[in-house]
Amino acid sequence: MVVCFKSHNLRLDFPLTPSSLPMKNMLPRLSSALCVLLIAGLTSTFAADSKLIVTMMPKGKGNAYFISCKTGADKAAKELGVELLFDGPTDANAAKQNEIVENWITLGVDVITVAAENKEGISTALRKAQKQGIKVLTYDADALPDARSFFVNQATPQGIAYGLLDEAARLCGEEGEFAIITSTLTAGNQREWLKYMDARLAEKYPKLKLVAVRPSDDLKDKAQSEATALMSANPNLKLIMAICTPGTPGAAEAVKQAGKTGKVKVIGLGLPNENKRYVHEGVTESVMLWNTEDLGYLTVYAAAALARDELKTGATSFKAGTLGTFEIKGDNILLGKPYIFNKANIDRFDF
């Protein structure tokens with residue numbers, strides 16, 4: 001008599017005749033065989049049924065900017081058939097980002113994507129993930145280059161800095177005082193924008209004076225409070241520029257409540273839907289941004305391609321689903337140039 005177990009091309013034959021298999025040896029051998037069968041079957045089933053797990057970490061998961069990114073990311077995940085885990089701090093918190101990365105390493109996810117709050121702080125955890133075989137890329141705000149494979153760059157730092165400063169200079173007649181509201185003073189991407197602005201001020205706009213840079217912790221209410229304080233401390237202030245998306249409507253509300261519409265101009269990065277009211281009321285002159293849904297969509301497509309070895313070092317272009325082909329410069333996947341929204345065009349956009 002022969003008992004045969006067969007699963008996923010695995011065949012185990014055991015003779016059960018008294019002469020060939022003594023009773024005292026039969027049970028241990030059957031137990032071992034069943035363990036082998038169970039492990040092989042589960043491994044094969046898991047491989048067939050499991051999805052690629054892509055994670056996406058925002059700077060703050062309640063920030064409308066990153067919620068919009070998630071909309072695009074969800075669409076890409078559905079098209080690709082991957083599982084998307086979206087998690088992050090409730091506010092700008094570099095330590096919490098590190099903690100979440102450590103959790104993802106323990107879970108053994110396939111790809112980690114991060115908008116870094118502090119590029120130096122997050123990089124140690126990301127290097128650890130890479131050593132565990134997890135693919136890493138950044139989007140929106142970069143980590144250190146050796147801590148990830150690619151950066152999905154919404155626009156070049158120089159392009160963002162020059163675009164905002166040139167608009168501020170135009171509105172101020174290239175002279176006078178202005179102030180900046182940022183998310184945090186440690187935000188790597190915004191620190192880089194400020195360096196470009198400082199250089200351009202010295203080179204092109206010597207009569208335009210930056211009087212203060214104040215953090216808002218990526219919160220609209222705090223941005224409003226900071227803008228109110230800035231106007232009180234600087235009575236000759238001509239313009240407030242917000243370089244984080246919650247800062248722009250926050251500054252606009254402060255100017256409106258202070259009765260300084262038109263006297264203190266507001267510009268900044270921001271989502272069209274959050275700023276339409278202020279633009280139409282004449283409080284905010286213009287808002288600059290990129291398509292945040294496209295940023296999330298492109299990030300997930302790049303993450304999946306990286307995990308599947310379809311995106312490799314040295315590539316010069318990358319195709320992302322319905323968005324088409326994007327240029328790669330070095331290790332930066334470029335979304336495109338920022339766009340200026342104003343009273344003439346802002347109603348055409350819904351995000």
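For region 247-351, calculate the relative contact order in percent as a whole number, restricting contacts to Cα pairs under 8 Å that are 6 or more residues apart.
Value for region 247-351: 28 percent.
Report D for the chain in µm² per second (integer): Stokes-Einstein, Kirkwood Rh on Cα pairs, 4 °C, 1.567 mPa s.
Answer, rounded: 57 µm²/s.
Looking at the chain only, what percent of DSSP beta bridges run antiparallel? Nearest 5 please.
For the chain, the DSSP antiparallel bridge percentage is about 30.
For region 157-289, place one equal point scatterer on every Cα, skip the solvent, and apply the Debye formula. What is log10 of I(q)/I(0) at q = 0.11, 0.12, 0.16, 0.18 Å⁻¹?
Rounded to two decimals, the profile gives -0.31, -0.37, -0.69, -0.89.
Using only Cα atoms, locate the centre of region 184-218 and the centre of region 60-84, then give the distance between them in Å, rounded to an integer.
30
Mean residue ellipticity at 222 nm from the helices of the chain, using -39,500 (n - 2.57) per DSSP H segment of n ≥ 4 over the full residue count, to the nearest 500 deg cm²/dmol?
-14500 deg cm²/dmol
No solvent, one uniform scatterer per C-alpha: report log10 I(q)/I(0) for region 253-351 via the Debye equation at q = 0.10, 0.15, 0.16, 0.25 1/Å, two decimals.
These q points yield log10 I(q)/I(0) values of -0.41, -0.69, -0.73, -1.22.
Suppose a student asked you for the relative contact order of region 157-289, using Cα pairs under 8 Å spaced at least 6 residues apart; what percent would you report?
The normalised contact order for region 157-289 reaches 25 percent.
Quick one: helix 64-80 against the long Cα principal axis of the chain, what's the angle to the nearest 10°, folded into 0 to 90?
Computed tilt is about 30 degrees.
Quick check: the angle from helix 94-107's long axis to the longest principal axis of the chain, C-alpha only, nearest 10 degrees?
20
Just so you know, all these numbers are worked out from the coordinates, no wet-lab data involved. Everything numeric here is computed off the predicted structure, so don't read it as measured data.
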